[in-house]
Amino acid sequence: MSTITGTDTDPQRSLEDLLHAAFGFPSFRPNQEAVCQAVAGARDVLLIMPTGSGKSLCYQLPGIARGGTTLVISPLIALMEDQVAKLKALGFAVERIHCGRGRQASRQACFDYLEGRLQFLYISPERLRVAGFPEMLAKRKPTLIAVDEAHCISQWGHDFRPDYRMLGQRLPLLRPAPVIALTATATPRVQRDIIEQLGLQHPASFIHGFRRANLAIEVVEVPPAERSLLVCELLRDAACRPAIVYAPTRKQTEALAVELSALCPSAAYHAGLDAAHRARVQQDFLEGKVEVMTATIAFGMGIDKPNVRTVMHTALPGSLEGYYQEVGRAGRDGLPSRALLMQSYADRRTHDFFFERDYPEVAILDKIFEHLTAKPISKAELQERVTLTADLFDKALEKLWTHGGALLDYDETITRGDRRWRELYTAQFEHKAAQLETMIRFARGADCRMTALVRHFGDRTDRQSPCGICDFCEPAECVAQKFRAPNTRESAMIPRVLKALRAGGPKSSGKLHSELCRTGELSRNEFEEVLGAMARSGLLQLVESVFEAEGRSIPYKSVRLTRAGSSNEGAAALEVLIKDTGEPVSGKRRAKGKKSVPPKEQAPPPADVDPALEQALRAWRLAEAKKLAVPAFAIFGDKTLRAIAAHRPVLNDELRAIHGMGLSKVDKYGPDIYRIVRSHS
Ligand code: ADP
Ligand code: MG
């Protein structure tokens, strides 16, 4: 057992002593000390700092200082194992309980915990759902509770985990220990959610360090068909590696990895690969044996590789929070690094496609709700009455159920739920749409990229000065974005814009466009590009603003002159360069105009469904649903069920390839499913 324990001398002194003696660090990183003091002093704390900034120490050190056991709730087994290994190496008494561990090991961990032998106990959130487990923990209360990746509790974040929802109910049982919630990503709304749902009491909030001085962000418009070529072109230069390339689909990550392998060791990473394979390629990447990781967003949580030089996105991400997390994996060592985002209008269409598929209109849910009464109706009958296609009906019903509007029994008979579903669903619907809108606005932005990000995250200690290295601040350093001289129509517009602003003061870009392009001089997009170019050269300032009307927020861009733009001489000295999108002016990089279609994960070809197998699976699913007291589709939907019956998986890899089977479902249900499939072969 470790001999390192808290001391009862001068608390200030002892925190620093512990830092040296127990953790072997020479000094605190920025903000760590203040946070440790608050936690050691039993304050509830909300800590928001970027990944890699050293948040773990902010509960580990005060945990040791306070003595007793620190309970850590952590959502990912890999993250947990990593922390546990590090703490063990330092000589601390640490255990963990998660679904990847055997019954005996977990029992021993509980035993050690109850005996007071542990300094840290790590658990995964779903443990708190196991009957009797929270009560067991409460028999010997922890002295500190840390909730890692706390943004997972909020459905307004980008990583919502239903299991985190339970924390709010279970934590009171484990109090009065102080609670520290940690995350690298939280907008003001998610922050409120964390505080409310975890029941943090007058928490001290620390929100710091979102600015990354060594990260040059570049956003470039590239048609989808040309993106993989550009990725290869740019990564040819060894100085741009190691690199992570985020692609939107599993197939694309694999195709890219193949292409890139001609240049350097590359590997794909996505949730469809089995755990051992994922662990291996991740390790190879950490050790430098793989130089480029092509990945879906499944890759990266908790990854701490200091020397990633480039992070690329081959498509527009769905939220700015996710994007920031991903680019934040570049340049942890403080050396110059680059983030490149490729996008075009096609990305917006793709997002719209998925949004429409995953978030049916409120009116469709209304239609289902209107057919519900207190009298149970079968799912099949309801579907017939509302006359919706099976996919749409399933999706809409699922949403209605999630938000309480429909009550489903485990055998999927349905009764009417609470009317309030409408408000809840509408809020979620609008939030998702707004997230995408924010991302699009960021991509189009004519403003320092880093400042825009820092502003978004509400880091109020930041000075908001231009970063000096992004595509807005330093266009000459761009690696992918090309610039060209303005054409005649664009050239003619520049003095007219200056004149209008000098005469009439600041204006919205929309208004300026309608005033100056009455006879179709430039399209709205072309006009925005000219404004962007004028802003880059220092003639204008474009400020994203929001206009409140009838309870809605309408974003717009306000255009004003800079000092240089206000005077003729100042303006004459600045050269205006337009972004070259490869559109009409130059034909470079433009392939045969292939149309983009929404990315589709390749479904395996349909096979014959054995009706007996389908029946057996249904019966098993029903029994499982009954056990958990959830409707059958919450186990998995009919489409997935039929796919299982058709493809007869007997291995994790095969089951994982089926749409609707995530990793946790494969772990949970795989053995049962294989048994049933085998008994029908
Ligand atoms: P986060 O959870 O914020 O992403 P971690 O807590 O995993 O970051 O810490 C990232 C790295 O920084 C770890 O390797 C950790 O050992 C190291 N670290 C943390 N605090 C210090 C410190 N005061 N001095 C030196 N290294 C530190
Ligand atoms: Mg962490």
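To check you understand DSSP bridge types, tell me what percent of the beta bridges within the chain (both residues inside) are antiparallel, rounded to 5.
30 percent
Between residue 219 and residues 5 or more places away or on another chain, which pairs have amide H atoms under 5 Å apart, with H built 1.01 Å from N, and which residues are they?
Amide H neighbours of residue 219: 341, 471.
What lysines does residue 399 reach when the alpha-carbon gap must be under 30 Å and sequence neighbours fewer than 8 apart in one chain are set aside?
Answer for residue 399, where 30 Å is the Cα cut-off: 251, 367, 375, 379, 432, 600, 626, 627, 639, 665, 668, listed by chain and number.
Can you give the translational diffusion coefficient of the chain in µm²/s, computed by Stokes-Einstein from the Kirkwood radius over Cα pairs at 10 °C and 1.306 mPa s?
57 µm²/s
Please calculate the 1.4 Å probe accessible area of residue 511, with all protein chains present, and give it to the nearest 10 Å².
Accessible surface of residue 511 is approximately 110 Å².
About its Cα centre, how strong a charge dipole does the chain have in debye, to the nearest 20, once Lys and Arg get +1 and Asp and Glu get -1 at the Cβ?
For this selection, approximately 240 debye.
Projecting each Cα onto the charge dipole of the chain (Lys/Arg +1, Asp/Glu -1 at the beta carbon, about the Cα centre), which of 537, 335, 124 comes out farthest on the positive side?
Projecting each Cα onto the dipole axis, the largest value belongs to 537.
May I ask you to rank 401, 421, 620 by accessible area, largest first, using a 1.4 Å probe over the protein chains only?
401, 620, 421
With only Lys, Arg, Asp and Glu charged, each at its Cβ (+1 for the first two, -1 for the last two), find how big the charge dipole of the range 611-679 is about the Cα centre; round to the nearest 20 debye.
So the magnitude is around 140 debye.
Let me make sure I get this right: for the range 359-419, a, b and c are the square roots of the gyration tensor eigenvalues over alpha carbons, sorted descending. Under 1.5 in a/c it's rounded, otherwise prolate if a/b > b/c, else oblate. Which is it?
Rounded shape, in that the Cα axes give a/c under 1.5.
From the backbone phi of the range 382-389, what are the Karplus-calculated ³J(HN,Hα) couplings (6.51 cos²θ - 1.76 cosθ + 1.60, θ = phi - 60°) in whole Hz, Gly and Pro given as x?
4, 4, 5, 5, 8, 6, 10, 5
Please give the charge dipole size of the range 486-576, origin at the Cα centre, charges +1 on K and R Cβ atoms and -1 on D and E Cβ atoms. Round to the nearest 20 debye.
Here the range 486-576 has a charge dipole of around 240 debye.
Where Rh is the Kirkwood radius over the Cα pairs of the range 610-674, the temperature 37 °C and the viscosity 0.692 mPa s, what D in µm²/s does Stokes-Einstein return?
Estimated via Stokes-Einstein, D reaches 282 µm²/s.
Per residue of the range 369-376, in order, report the coupling 6.51 cos²θ - 1.76 cosθ + 1.60 (Karplus, θ = phi - 60°) as ³J(HN,Hα) in whole Hz, putting x for Gly and Pro.
Each residue of the range 369-376 in turn: 4, 4, 8, 9, 9, 6, 8, x Hz.
What is the packing order of peptides 177-189, 521-533, taking the mean over residues of other C-beta atoms within 10 Å and listing the highest first?
My ranking of the peptides, most packed first, is 177-189, 521-533.
Of the options 492, 461, 426, report the single residue whose Cα projects farthest towards the positive end of the charge dipole of the range 425-561 (beta-carbon charges: Lys, Arg +1; Asp, Glu -1).
Towards the positive end, the residue furthest out is 492.
Can you order the peptides 566-577, 470-481 by their average number of other Cβ atoms within 10 Å per residue, highest first?
Highest to lowest by the protection proxy: 470-481, 566-577.
Using all Cα-Cα distances in the range 486-576, what percent lands in each 5 angstrom bin from 0 up to the longest?
The percentages, shortest bin first, are 3, 14, 26, 25, 18, 8, 4, 2, 1.
Given the C-alpha centroids of the range 339-379 and the range 615-643, what is the distance between them in whole angstrom?
So the two Cα centres are separated by 23 Å.
Can you give me the C-alpha center-to-center distance between the range 473-505 and the range 648-681, rounded to a whole angstrom?
Here the answer is 57 Å between Cα centres.
Which of the aspartates and glutamates could a cross-linker bridge to residue 139, judged by Cα under 20 Å and excluding same-chain residues fewer than eight apart?
The qualifying aspartates and glutamates are 95, 112, 115, 126.
Tell me which residues come under 5 Å, amide H to amide H, from residue 246 once H is placed; ignore anything under 5 positions away on its chain.
Residues meeting the amide H criterion: 295, 312, 313, 314.
At q = 0.10 Å⁻¹, what log₁₀ I(q)/I(0) does a Debye calculation on the Cα points of the range 279-432 give, no solvent, two decimals?
-0.57
Taking only DSSP H segments of four or more residues, each worth -39500 (n - 2.57), what value at 222 nm results for the chain once the sum is divided by all its residues, to the nearest 500 deg cm²/dmol?
Counting only the DSSP helices, I get -13000 deg cm²/dmol.
Which peptide among 72-80, 280-288 comes first, and what is the full order, when sorted by highest mean count of other Cβ atoms within 10 Å?
72-80, 280-288
Name the long-range amide H neighbours of residue 207: under 5 Å, sequence gap of 5 or more, or other chain; modelled H, no Pro or chain starts.
48
List the lysines whose Cα lies under 22 Å from the Cα of residue 511, skipping any in the same chain that are fewer than 8 positions away.
Straight-line reach from residue 511, under 22 Å: 499, 557.
Could you give the distance between the Cα centres of the range 279-312 and the range 235-260, to the whole Å?
Using only Cα atoms, the two centres lie 11 Å from each other.
From the residues 660, 630, 611, which one has its Cα farthest along the dipole of the range 611-679 in the positive direction, the dipole being from +1 and -1 charges on Cβ of Lys/Arg and Asp/Glu about the Cα centre?
Farthest towards the positive pole: 630.
How much of the calculated P(r) for the range 107-239 lies past 22 Å, in percent of all Cα pairs?
54 percent
The values are calculated or read from the model by the stated rules, or taken from the named source; none is laboratory data. Since we're looking at a predicted model, the values are computed, not measured. Positions of Cβ are generated from backbone atoms using ideal geometry, with glycine treated the same way; all protein chains shown enter the neighbour counts. Ligands, DNA and RNA are excluded from the accessible area calculation, which covers all protein heavy atoms including side chains. Shrake-Rupley method; radii C 1.70, N 1.55, O 1.52, S 1.80 Å.
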